[in-house]
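Presented below is the structure to which this report refers.
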Amino acid sequence: MADIGIDPWSSNDSTDYDALSDRFGLQKIDLSSIDKPSMLQRRNLVFAHRDLDVPLSAAERGDPFGVLTGLMPSGKMHLGHTMVIEQAKWFQELGADVTVAVADLESVATRGISLEQGRKVAMEEYVSNYAAMGLDPDKTRIYFQSSRPEVQRLAFVLGRRTNLSELGSIYGFGGDTNLAHVQAPLVQVGDILHPMLDEFGGLRPIVVPVGVDQDPHIRLTRDIVSKTQWFNIKNAKPAGILVSLSVQDENKTAFGIGENGRIDKIKRKDVISSVVRLLEDLGFADISPNPSHGTVVIPAATKSDEYRIRERLLELERSMGGLGLMSPASSYHKFAMGLTGGKMSSSKPETTIFLNDSIESMKKKIRKAHSGGQPTVEEHRRLGGNADVDVAYQYLRFFFEQDDSELDQISSRYASGSILAGEMKQICIDRAEEWLSELAEKRTQWSDRLDEYLS
Ligand code: TRP
């Protein structure tokens with residue numbers, strides 16, 4: 001994101017995630033509402049979301065839902081990139097189908113990487129590691145933006161629902177921004193929404209696990225979706241839910257509005273009756289339609305009915321010729337600090353561990369990593385280490401130590417001074433060695449079967 005304009009989420013450990021969540025209206029993850037939270041959720045590293053209850057309730061009901069995420073094939077895949085794949089895997093275990101975009105068009109736009117180069121990097125660095133990380137090939141589809149016309153078509157069509165000033169205010173674009181940069185976010189909107197098309201699984205909740213720097217794209221997508229929907233849902237006064245027609249160029253004919261703005265009363269009545277019928281199907285008895293206002297009030301409906309109503313209205317919209325798109329849900333991870341204490345960056349190999357790094361190179365990097373230890377052993381024993389800024393500890397927490405009680409012990413023994421900074425690094429190295437070796441082994445196992453993941 002940083003490359004394509006303003007990056008409100010400067011991704012380092014001094015980021016005030018709470019303040020940013022407030023500013024952009026992200027919801028906090030409520031662990032008590034999640035049956036078996038993932039490791040990243042338990043540690044508050046996947047810390048925020050939008051509408052996460054929607055896919056989670058689908059999972060609970062055993063209804064279909066999907067995950068869509070993506071990464072740019074812009075360089076080597078590193079530890080920071082694994083977090084979205086871990087999240088996708090967690091949703092997959094709850095029953096989601098997973099779609100992963102290789103954002104090769106975005107790499108062209110923002111990094112100047114050719115499509116050929118992007119394809120090569122994607123296969124060698126990304127797809128092989130997605131497989132090794134354990135995504136289920138039967139329920140995972142990986143595609144390239146450049147080879148999926150439906151995504152590009154959606155990007156184009158939905159471009160009608162935004163404009164330069166909205167993109168400017170979200171991304172900081174100006175008059176000299178090149179147009180590929182302007183198109184990239186729309187392609188991402190296409191990525192996020194296309195799994196809902198009939199040929200990609202149809203209408204169902206889609207959740208987008210990403211780093212919190214991607215939230216601007218989620219906001220843009222949700223804003224565009226709300227503009228395309230043919231029916232609005234609002235709270236009714238004094239209680240209940242009000243459904244109203246959202247008249248647009250696309251639906252004037254279907255809604256019975258003539259060239260001159262005159263309303264075809266019979267057609268309008270039909271539309272409203274269809275809405276009433278779907279509400280009756282859902283079990284509502286008390287329904288007040290008002291065809292001339294284009295509204296239907298359901299006084300007994302509550303917030304918790306909204307999703308079911310929305311889903312049916314989208315089906316109706318589709319049957320009438322609309323896109324019938326649902327707002328995507330999202331979940332957000334924080335950023336692990338770079339090895340040297342600042343930002344993690346693929347263009348600075350000393351700041352991170354690449355998934356294809358050798359054990360030797362990993363060891364060297366961790367030994368040099370920024371430490372939270374005291375300057376002398378004597379002081380360390382007396383004052384203890386600071387795990388918050390200790391990269392070795394933080395990498396155990398973000399990536400390598402699955403066991404919470406083990407992690408807690410390590411952190412309290414560090415705080416009390418009984419684990420020295422060098423020992424912390426050794427613990428991290430041992431766990432990282434296990435983790436990387438296992439990954440490398442799985443990569444080899446999958447090396448000639450990667451086709452199984454590609455669409
Ligand atoms: N913009 C993302 C990145 O910078 C990549 C991406 C493209 C993506 N399409 C997506 C992420 C759809 C999530 C969903 O890496």
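Give me, ordered by chain and number, the residues 5 or more places off VAL98 or on other chains with an amide H under 5 Å from its own placed amide H.
Long-range HN contacts for VAL98: VAL67, THR140, ARG141.
Please compute the Kirkwood hydrodynamic radius of the stretch 138-291 from all pairs of different C-alpha atoms, in Å with one decimal.
One decimal place: 18.5 Å for the Kirkwood radius.
So what is the 222 nm mean residue ellipticity for the chain from helices alone, if each DSSP H run of at least 4 adds -39500 (n - 2.57) and you divide by all residues, rounding to the nearest 500 deg cm²/dmol?
-12500 deg cm²/dmol, from helical runs alone.
How large is ³J(HN,Hα), in whole Hz, for each residue of the stretch 347-364 in order, when computed from phi with the Karplus curve 6.51 cos²θ - 1.76 cosθ + 1.60 and θ = phi - 60°, using x for Gly and Pro?
Going residue by residue, I get 7, 10, x, 6, 8, 8, 10, 7, 5, 9, 4, 6, 4, 4, 5, 4, 4, 4 Hz, with x marking Gly and Pro.
Report the FRET efficiency, 1/(1 + (r/R0)^6), for ARG308 and ASP223, where r is their Cβ-Cβ distance and R0 is 30 Å, rounded to 0.05.
So, using R0 = 30 Å, E works out to roughly 0.80.
Among the DSSP beta bridges whose two residues both lie in the chain, what percent are antiparallel, rounded to the nearest 5?
Of the beta bridges lying entirely in the chain, close to 50 percent run antiparallel.
Identify the residues of the stretch 420-438 with backbone N under 14 Å of a label point that sits 7 angstrom from the Cα of VAL377 along the Cα-to-Cβ direction, or state none.
So the set is 420-424.
By how many nm would the segment from ARG42 to GLU116 grow when fully extended, if each residue of separation counts as 0.36 nm and the alpha-carbon distance is taken off?
Here the answer is 22.7 nm.
Using modelled amide H (1.01 Å from N, peptide plane; none on Pro or chain starts), what sits under 5 Å from the amide H of GLY373, excluding residues fewer than 5 places away?
ASN386
With each pseudo-label sitting 7 Å past Cα toward Cβ, what's the PHE156-GLN409 distance in nm, one decimal?
6.1
When the Karplus curve 6.51 cos²θ - 1.76 cosθ + 1.60 is applied with θ = phi - 60°, which whole-Hz ³J(HN,Hα) does each residue of the stretch 97-113 get, with x for Gly and Pro?
7, 10, 10, 10, 8, 8, 7, 6, 5, 4, 5, 4, 5, 9, 10, x, 8
Would you mind getting me the FRET efficiency between LEU31 and ASP264? Use the beta-carbon distance for r and R0 = 51 Å, nearest 0.05.
Using R0 = 51 Å, I get an efficiency of 0.45.
Before I look further, what does the chain give for accessible area per residue, probe 1.4 Å, in whole square angstrom?
Normalised by residue count, the accessible surface of the chain is 45 Å².
Rounded to the nearest 0.05, what FRET efficiency do LEU454 and LYS237 give with R0 = 51 Å and r taken as the Cβ-Cβ distance? Could you check?
The pair LEU454/LYS237 has a calculated efficiency of 0.45.
What is the spread of the Cα atoms of the chain along each of their three principal axes, largest first, in whole Å?
85, 48, 44
Using a cut-off of 9 Å between beta-carbons, work out the net charge of the residues near PRO137 (Lys and Arg +1, Asp and Glu -1, PRO137 not included).
Net charge around PRO137: -1.
Bin width 5 Å, origin at 0, all Cα-Cα pairs of the stretch 44-129: what percent of pairs per bin?
Histogramming the stretch 44-129 at 5 Å steps yields 3, 14, 20, 20, 15, 13, 10, 4, 1 percent.
Just need log10 I(q)/I(0) for the stretch 324-413 at q = 0.15, 0.17, 0.23, 0.26 Å⁻¹, Debye formula, equal scatterers on the alpha-carbon atoms, no solvent, rounded to two decimals.
-0.68, -0.83, -1.23, -1.35
May I ask you to list the residues of the stretch 121-150 whose amide nitrogen lies under 16 Å from a point 7 Å from Cα along the Cα→beta-carbon direction of SER437?
The answer is none, because no backbone nitrogen lies closer than 16 Å to the label point.
If you take the C-alpha gyration tensor of the stretch 320-364, multiply each eigenvalue by 5 and take the square root, what semi-axes do you get, largest first, in whole Å?
The three semi-axes for the stretch 320-364 are 40, 13, 9 Å.
Using a 1.4 Å probe over the heavy atoms of the protein chains, calculate the carbon and sulfur portion of the accessible area of the chain as a whole percent.
49
Taking 2.2 N^0.38 Å as the expected size of a compact globular protein, what ratio does the Cα radius of gyration of the stretch 356-455 give against it, to two decimals?
1.30
Show the residues, 5+ positions off or on another chain, whose built amide H is closer than 5 Å to the amide H of LEU52.
Distant-sequence amide H within range of LEU52: SER330.
Which of the GluC sites (Glu not before Pro) across the stretch 288-394 are loop residues per DSSP, with 13 or fewer other Cβ within 10 Å?
In loop regions of the stretch 288-394 (DSSP not H, G, I, E or B), there are no sparsely surrounded GluC sites (Glu not before Pro).
Tell me the Rg and the Dmax, in Å, that the Cα atoms of the stretch 183-255 produce.
15.1, 43
Across the stretch 432-444, in residue order, what do the Karplus-derived ³J(HN,Hα) couplings come to in whole Hz, using 6.51 cos²θ - 1.76 cosθ + 1.60 with θ = phi - 60° and x for Gly and Pro?
In residue order, the calculated couplings are 5, 4, 4, 4, 5, 5, 4, 4, 5, 4, 5, 4, 5 Hz.
The values are calculated or read from the model by the stated rules, or taken from the named source; none is laboratory data. Fair warning: this is a prediction, and the values are worked out from it, not measured in the lab. Cβ: placed from backbone, ideal geometry, glycine included. Neighbour counts: every protein chain shown. These area figures cover heavy atoms from the full protein model, side chains too; ligands, DNA and RNA do not enter into them. Shrake-Rupley method; radii C 1.70, N 1.55, O 1.52, S 1.80 Å.
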